[in-house]
Amino acid sequence: MARATSRLTRKRMHEMYRAMLRIRRFEETADDFYMAGKVVGGVHVSIGQEACSAGVCAALREDDAVLTTHRGHGHSIAKGTRLPEMLAELMGKVTGLCRSKGGSMHIADVSKGHYGAHSIVGANMPMAAGIGLAYQLEGKGQVAVVFFGDGASNNGAFHEAMNLCAIWKLPVVFFCENNQYAVSVPAEYSTSVDDISVRSKGYDAPGLTVDGMDVAAVYEASQEAVAHARRGLGPSLIEAKTYRFFGHSRGDPHYGMYRTKEEWEGWKERDPLIVCEKMLKMTAKQKKAHAEAVEAEIKEAIEFAENSPEPEESVALEDIFA
Amino acid sequence: MPETKMRTISYAQAINEALHEEMERDEKVFLMGEDVALSAISPATAGLGERFGHERVRNTPISELGFTGAAVGAAMAGYRPVLDMRRIDFMMLAIDPIANQAAKLRYMLGGQVSVPLVVRAPEGGGSQNGPTHSQCLEAWFIQVPGLRVIVPSDPADAKGLLKSAIREDNPVLFVEYRALYSLEGPVPDGDHTEPIGKAAVKREGADITLIGIGSQARNCLEAAELLAGEGVDAEVVDPRTINPLDIEGLAASVRKTGFCLIAEEGHKSGGVGAEIAASIQEAAFGALEAPIARVAALDVPVPVHTKLEAIVLPSTEKIVAAANNLLS
């Protein structure tokens, strides 16, 4: 597993910490709102996996693309997705990013290069290849990053997309968040390899496994993969070993059903926020400044979402054809 | 109106001309699929690789899920991909990017994206290719809101509707009937387009309406000639697109004749004919003098043997027999 070297500036580290905290607080809010019956549809939170979102997106340009999954709030926020419109979408408001028709599993903010959360596992990878193809044809050096989980790495779409990107040298980074479980099925049962990154060998592409709880390690691996793609050298596969502190969705508990308390506690000790705070030797004053700034953003999002109207009935029949 | 100059070309040449002209007109249009770069593989794509190069006429691996999903992504990012699916049967490996993604993305993302994608899907039997290489699956796709489905039956419509499909900002399934590839017919010169969503009367008549889909529009025209010899004046109407379906255009003919027969090469159960029949009875029940008749492939796979295949597939003779039965 690659570990972070120390070439990172403290400024960049603080920015990534801020992004992780923004994700953490947004998802805590989303979960609270879900429990309070304020969310329409389900939510899948990524709490515990924030270093992946923040580390990857810090290595991207604004005109690069991300595509994410049903567990995509973190990637969305890290790529710059607007929080008020995102929370409004979760709450079924017409001001939501998808006008209340996509919900948590289809958050997108194309104006920010976010080409959507895609809830069919694996489906986002061929689409990322196509966006990479468009970027290659455009020749502006843009890169597409596709996030997926350990479960999706067993899907044919992963392998077909990796092959297309490899033969055409498309500027795509495949970022696998190995959070150890596909709902309840452990990766060690469902997956033929210990490190999913070795699957890149089948496509003659670089592959690297990193500590997904260490935002600096994720950032440095991502920078390398993104630079590789921008130079026209084709895809890379990064696997980040990580863990979700919550259940798959609200239907399962944090532990006790298919994960042990001991396992859960072991990963909790490596909470990416705490790891980052330690690396930065963050002072109480600095922590407070981050927290206050993020709370202000969350408050603004809540006010916007709660004061937004529900959709008119006519919205059900709109946006089908261009 | 000035007289439009016509040329006689084949259905496959019409498709080929539409592709050449649209790729010439718009540099965002590109073609992708298995073997498309090789001119000898199909008259529909011959010459394109030489003319536009292999970046815009791009061979793919045998990877239908991968390249169809990639086409959806490229369409979202501003390109206008045209996929060559070789056979509609192979599309079953690519249903997710078409039905779950292309058709729903605009809606699901609240109008943030459009997906200007054309999937060309040659299909149909009559060539002893057997159960997995002879199917007509357009009925599957009219269950997918957000997807246009086009079923041209002659060279002029093939050219005009393909050009319109490529200019359309929505995903389109463009069905091509392999049995019609060599069919010749008049095509207007110049930039010939046809509107998506308009049925066309292919032969006027007063006694019975024959609605033919794709290859069966051709068979309906032949059947109408045979019926004329028996003193029956049949009208042949071709819906041309089945999403959207021009029900008013079809019902207008039924109101005139009072009798309606629908012919398609897909299987009868849950077929396009079932949908059209239901819609016509909603629109024009009072005009019907008898139940609507359907001629379609039998509900069994399409076998290889010539004799057995003929038993399963619809034909001109079956349409004539069903029309006579309906009128008696």
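Structural remarks
- For the range A:299-320, a residue qualifies if it is more than 30 Å from B:P171 (Cβ to Cβ), within 14 Å of chain B (Cβ to nearest Cβ) and open to solvent by 70 Å² or more (accessible area, probe 1.4 Å), but none of them does.
- Index of the failed condition, B:Q112 passing every other in (1) farther than 30 Å from B:D299 by Cα; (2) among the polar types (S, T, N, Q); (3) in contact (Cβ under 8 Å) with a residue 12 or more places away in the chain: (3)
- In summary, helices (runs of 4 or more DSSP H) completely within the range B:248-328 and bearing 1 or more residues that are β-branched (V, I, T), open to solvent by less than 70 Å² (accessible area, probe 1.4 Å) and out of contact with any helix residue (DSSP H, G or I) (no Cβ under 9 Å at 6 or more places or on another chain) occur at B:306-312.
- Selection status of A:T9, open to solvent by less than 40 Å² (accessible area, probe 1.4 Å) and of a type in the set (S, T, N, Q): no
- Residue count for the range A:126-171, restricted to those that are under 14 Å from the mean Cα position of the chain (by Cα) and facing chain B (nearest Cβ under 9 Å): 1
- Scanning the range A:254-298 for residues that are open to solvent by less than 40 Å² (accessible area, probe 1.4 Å), closer than 21 Å to A:D150 by Cα and assigned to a loop (DSSP other than H, G, I, E, B) yields A:R259, A:D271.
- Out of B:R106, B:R86, sole residue that is among the basic types (K, R), on the phi > 0 side of the Ramachandran plot and touching a residue at least 40 places away in the same chain (Cβ under 8 Å): B:R86
- Of the residues making up the range B:216-228, those that are open to solvent by 10 Å² or more (accessible area, probe 1.4 Å) and within 23 Å of B:G126 (Cα to Cα) are B:R218, B:N219, B:L221, B:E222, B:E225, B:L226.
- Only one of the listed residues (A:G55, A:G42, A:G92) is closer than 21 Å to A:P272 by Cβ and in contact (Cβ under 8 Å) with a residue 12 or more places away in the chain. That residue is A:G55.
- When B:A165, B:A158 are checked against the criterion of being crowded, with 23+ Cβ neighbours inside 10 Å and within 14 Å of chain A (Cβ to nearest Cβ), a single residue qualifies: B:A165.
- Test for B:G197: is it under 17 Å from B:D238 (Cβ atoms), surrounded by fewer than 20 Cβ atoms within 10 Å (Cβ to Cβ) and within 14 Å of another protein chain (Cβ to nearest Cβ): yes
- The range B:229-247 - residue that is assigned to a strand (DSSP E or B) and open to solvent by less than 40 Å² (accessible area, probe 1.4 Å) and, of those, farthest from B:T193 (Cα to Cα): B:A234
- Of the helices (runs of 4 or more DSSP H) that lie entirely inside the range B:1-115, those containing 1 or more residues that are open to solvent by less than 10 Å² (accessible area, probe 1.4 Å), away from chain A (no Cβ under 11 Å) and of a type in the set (G, A, S) span B:11-25, B:48-52.
- Selected residue (only one of A:E160, A:E89 is in contact with a Leu (Cβ under 7 Å, 6 or more places away or on another chain) and within 22 Å of A:G37 (Cβ to Cβ)): A:E89
- Flag if A:G251 is modelled with pLDDT under 95, open to solvent by 40 Å² or more (accessible area, probe 1.4 Å) and out of contact with any Leu (no Cβ under 6 Å at 6 or more places or on another chain): yes
- Residue that is farthest from A:S200 (Cα to Cα), among those in the range A:110-125 that are touching a Ser or Thr at 6+ places or on another chain (Cβ under 8 Å) and at the interface with chain B (Cβ under 8 Å from one of its Cβ atoms): A:G116
- Note on the range B:172-210: residues that are in contact with a Phe, Trp or Tyr (Cβ under 9 Å, 6 or more places away or on another chain) and in a helix (DSSP H, G or I) total 1.
- Check on A:M20, at pLDDT 95 or above and farther than 25 Å from A:L67 by Cβ: no
- Just one of (1) more than 14 Å from every other protein chain (Cβ to nearest Cβ); (2) surrounded by fewer than 24 Cβ atoms within 10 Å (Cβ to Cβ) fails for A:V215. It is (2).
The values are calculated or read from the model by the stated rules, or taken from the named source; none is laboratory data. Model, not experiment: these values are computed from the prediction. No Cβ is skipped: glycine too gets one built from the backbone with ideal geometry, and neighbour counts run over all protein chains shown. These area figures cover heavy atoms from the full protein model, side chains too; ligands, DNA and RNA do not enter into them. Shrake-Rupley method; radii C 1.70, N 1.55, O 1.52, S 1.80 Å.
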